[in-house]
Amino acid sequence: MSPVLTASMLVVAGAVFAFTMVRRIAPLFALRRVNRTDRPDERAAGLLRFGFGQRRLVDPEELVPGAMHAVLFAAFLVLAIRTVTLFGMGFAEGFHLPLLAPESPLGRSYGLVKDVLVLAALAAALFFLWRRLVTRPDRVTLSWEGNLILGFIVGLMLTDMLFDGAAMVARAEPLSWWAPAGSLAAAALRPMELSPVALRAAEVGGFWAHLAIVLAFGNFLPYGKHFHIITALPNVWLRALPPGSSALRKLDLESEAAEYGTQSVKDVSWKEALDVYSCTECGRCHTHCPTYVTGKPLSHKEVNRALKHHLLVAAPELVALARAADPASKEAAAAALPAISEVVPPDTFWACTTCGWCETACPVLIENIPRLVDMRRHKVLVDADFPDEAARVFKGIETQGNPWGIGSNRRAEWCEDLDLPRAADGKPFEYLFFVGCAGAFDDRQKKVSRAIVRILRAAGVSFAILGEEETCNGEAARRLGNEYLYQMQAAASVERLNAYGVKKVLVQCPHCLNTLRNELPQFGGHYEVVHHTELIARLVAEGRLKPSRASVLDGQPVTFHDPCYLGRHNGVYEAPREALAAAGAHVQEMPRNRRQGFCCGAGGGRMWLEEKLGTRVNRNRIDEADSTLGDAGGVVAVGCPFCLTMLKDGAAETGREEKLRVLDVAEIVASGLPPTG
Ligand code: SF4
Ligand code: SF4
């Protein structure tokens, strides 16, 4: 067509693009290092599943928009070949890529796939425009940028069709099923009976307009949320591999370069920066976020947007920091950066329950929780600026080894009359029953501990407890930002468990489960950790436990509330349901169940903090249980002491304590066992 014009366009657009990208990427080199090159096979599998397979987008909850996005993604991939071909044609009109000559079988097949996707992408772009301008779903941010991008896509598809269609009419080619998009354009042009000059103008115009839109589109991407078109696939490759956010990173508190969380943007990692660059602002993270849904000032989408803007504004200081050669100039460059709490207000990062919904929902696998916890860490470890209620929890754990601060010598009072074997007895046992602070000190949860003992004895499971030797593993302290206290507790727990040669641990609290299973390995504690509902389901399956119909249910319907740290963080969804079924319970599912389960409001240490903003999370959840169970009410089954407390309180605060009985799965199963002698 015109080698000079094609080359000029490529050079100018390429230079502008390179200039923008350098400015975007340069600050990343000043940020905290993390290694994301391990386990390449898992990374490749994830890229195929979540990147190319669009697994999180084609979700039953959002099938149509997800499928439409997948169409656009496929069109981008396939049309990339077409774009290269068109630029080649700019230099030599008959250019085609090897094996893709237009009349060759492969070339014709490619043309068919390309044309089908052109039509599908056009339909998808029009669908999204309709959605943005007419139906306007709550989670979608209505910005001019989104409309412009959709306009670019519509323009790309129409110019592609015009180029092909005008050429077909000019050469008097018949319409062909091998080129449906081009044929459609030709069918529209033919009745116009355009002159050869006009047809050539349409063909050439379509060609140059298409290339111009491609270059404008590519250069526009890094300036807005559509940067994800460039960064999403790398971000998926570089994701945190399991246990991911279920195991927070261990801060180095000892060395000269000790870390104390995030004071300013310089303390986030380069991967966290890539995360915020990759946010598509789709709002999927909002859908079941307990804080967003109940009106707290935490929108993960907005946090990402604020951080991205801040990163770009602070880029010169970050680059200066990276270049600073001596400690004094490093300090000066760091001091020029505002505190992170000026970018992400503290109410935002204290609101998170670390329930994990946002990370489960995010199509580009952004890691949200560690970033927010790192902000808490700096507030706690350096600024000593944290909610008063958290101070009481820290003191209780520090002085008595439990968040209530109840005397540690009273830890085994719950089982004084049960004559339970202790690890210190020196006799062999299979499971170390790690009772947990709630199971040992909370009057309501003590009943659950006793129900578990009853089940273990009925099934003949060999177990022992630590008794007064057990101490809090520090989970709440860690998620409230007190990493120092957490590390003391974690180390103490590992020391004790290892001293007794423990291999298998039974827990009743999903927060203990997560800490012992996913986080204690950071301290040398490697155990097979099992939640009581998992063990119950296994014992039933093995025929070692044969509960009859649970008497405690009184024939009432049951619904099960998925604890976030059992379900989303550790993938245990079916075991509690199997345990309930074994006890004759017919579970009626709440609309938000399993992966979409809605937090009770207690995670992330929020169990211990007052909930002063928005409406109450536990109220939201108990309302859902209520409407699921119907007018006569029933039983809300749980598998977590925090969920039990929150949902019981939610029912009691609204006068529904009798109607909605909150029971642990263990209590339900134990009530179906024969009475012990
Ligand atoms: S964080 Fe993920 S889910 Fe939330 S808006 Fe961004 S891309 Fe969407
Ligand atoms: S972890 Fe849960 S509470 Fe925190 S932002 Fe994500 S969805 Fe919301």
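Each reported figure results from applying straightforward, stated rules to the coordinates on display, with no laboratory input. Since the structure is predicted, the reported quantities are computational estimates derived from the model, not experimental observations. Counting neighbours? That spans all protein chains shown, and the Cβs are built from the backbone with ideal geometry, glycine included.
Data table
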{"read-out": "Whole-Hz couplings from phi, Karplus 6.51/-1.76/1.60, listed for the stretch 418-428; x for Gly and Pro", "value": "9, 6, 7, x, 10, 4, 5, 5, x, 8, x"}
{"read-out": "Packing rank of 531-537, 361-367, where each peptide gets the mean count of other beta carbons within 10 Å, highest leading", "value": "531-537, 361-367"}
{"read-out": "Lysines with Cα under 28 Å of Lys296, excluding same-chain neighbours fewer than 8 positions away", "value": "Lys225, Lys266, Lys271, Lys308, Lys379, Lys395, Lys612, Lys648"}
{"read-out": "Rounded tilt (10° steps) of 228-237 against the dominant C-alpha axis of the chain", "value": "40 degrees"}
{"read-out": "Between helix 532-541 and the chain: long-axis angle, C-alpha atoms, 0 to 90°, nearest 10", "value": "90 degrees"}
{"read-out": "Protection proxy ranking, peptides 583-596, 653-666, average beta carbon neighbours within 10 Å, highest first", "value": "653-666, 583-596"}
{"read-out": "Mean shadow area of the stretch 66-121 over all directions, Cα convex hull, nm²", "value": "3.8 nm²"}
{"read-out": "Computed label-point distance, nm, for sites Lys330 and Lys395 using a 7 Å Cα→Cβ extension", "value": "3.8 nm"}
{"read-out": "Amide proton proximity set for Arg32, modelled H, under 5 Å, gap of 5+", "value": "Val268, Ser269, Trp270"}
{"read-out": "Where labels lie 7 Å past Cα in the beta-carbon direction, separation of Ala172 and Lys250 in nm", "value": "8.0 nm"}
{"read-out": "Contour minus Cα-Cα distance for Arg544 and Leu129 (0.36 nm per residue)", "value": "143.5 nm"}
{"read-out": "Size descriptor, Kirkwood hydrodynamic radius, that averages inverse alpha-carbon separations across the chain, Å", "value": "28.2 Å"}
{"read-out": "Under 9 Å, Cβ to Cβ, from Ser245 - net charge with Lys/Arg +1 and Asp/Glu -1", "value": "-2"}
{"read-out": "Rounded to the nearest 20 debye, dipole of the chain from Cβ charges on Lys, Arg, Asp, Glu", "value": "800 debye"}
{"read-out": "Cα centre as origin, Lys/Arg/Asp/Glu Cβ charges: the stretch 44-162 dipole, Debye", "value": "240 debye"}
{"read-out": "Within straight-line cross-link reach of Lys503, lysines at Cα separation under 28 Å, skipping those fewer than 8 residues along the same chain", "value": "Lys250, Lys427, Lys446, Lys447, Lys546"}
{"read-out": "Note, ³J(HN,Hα) from phi for the stretch 510-515, Karplus 6.51, -1.76, 1.60, rounded to Hz, x at Gly and Pro", "value": "x, 6, 5, 4, 5, 5"}
{"read-out": "Helix-derived mean residue ellipticity, 222 nm - over the chain, DSSP H n ≥ 4, -39500 (n - 2.57), to 500", "value": "-15500 deg cm²/dmol"}
{"read-out": "Proximal charge balance of Arg496 [Cβ under 10 Å; K/R count +1, D/E count -1]", "value": "-3"}
{"read-out": "Whole-Hz couplings from phi, Karplus 6.51/-1.76/1.60, listed for the stretch 241-246; x for Gly and Pro", "value": "8, x, x, x, 6, 5"}
{"read-out": "Stokes-Einstein D for the stretch 520-642, Kirkwood Rh over Cα pairs, 25 °C, 0.890 mPa s (µm²/s)", "value": "154 µm²/s"}
{"read-out": "Gyration tensor (alpha-carbon) shape descriptor, the stretch 1-124, a/c threshold 1.5", "value": "oblate"}
{"read-out": "The chain: antiparallel DSSP beta bridges as a percent of all, rounded to 5", "value": "5 percent"}
{"read-out": "Computed lengthening from Ile81 to Ser143, 0.36 nm per intervening residue step minus Cα-Cα distance", "value": "19.3 nm"}
{"read-out": "Among Ala335, Ala440, Pro180 - extreme Cα towards positive end, dipole of the chain, charges at beta-carbon", "value": "Pro180"}
{"read-out": "Point-to-point label distance, His526-Leu5, nm (Cα→Cβ direction, 7 Å offset)", "value": "6.6 nm"}
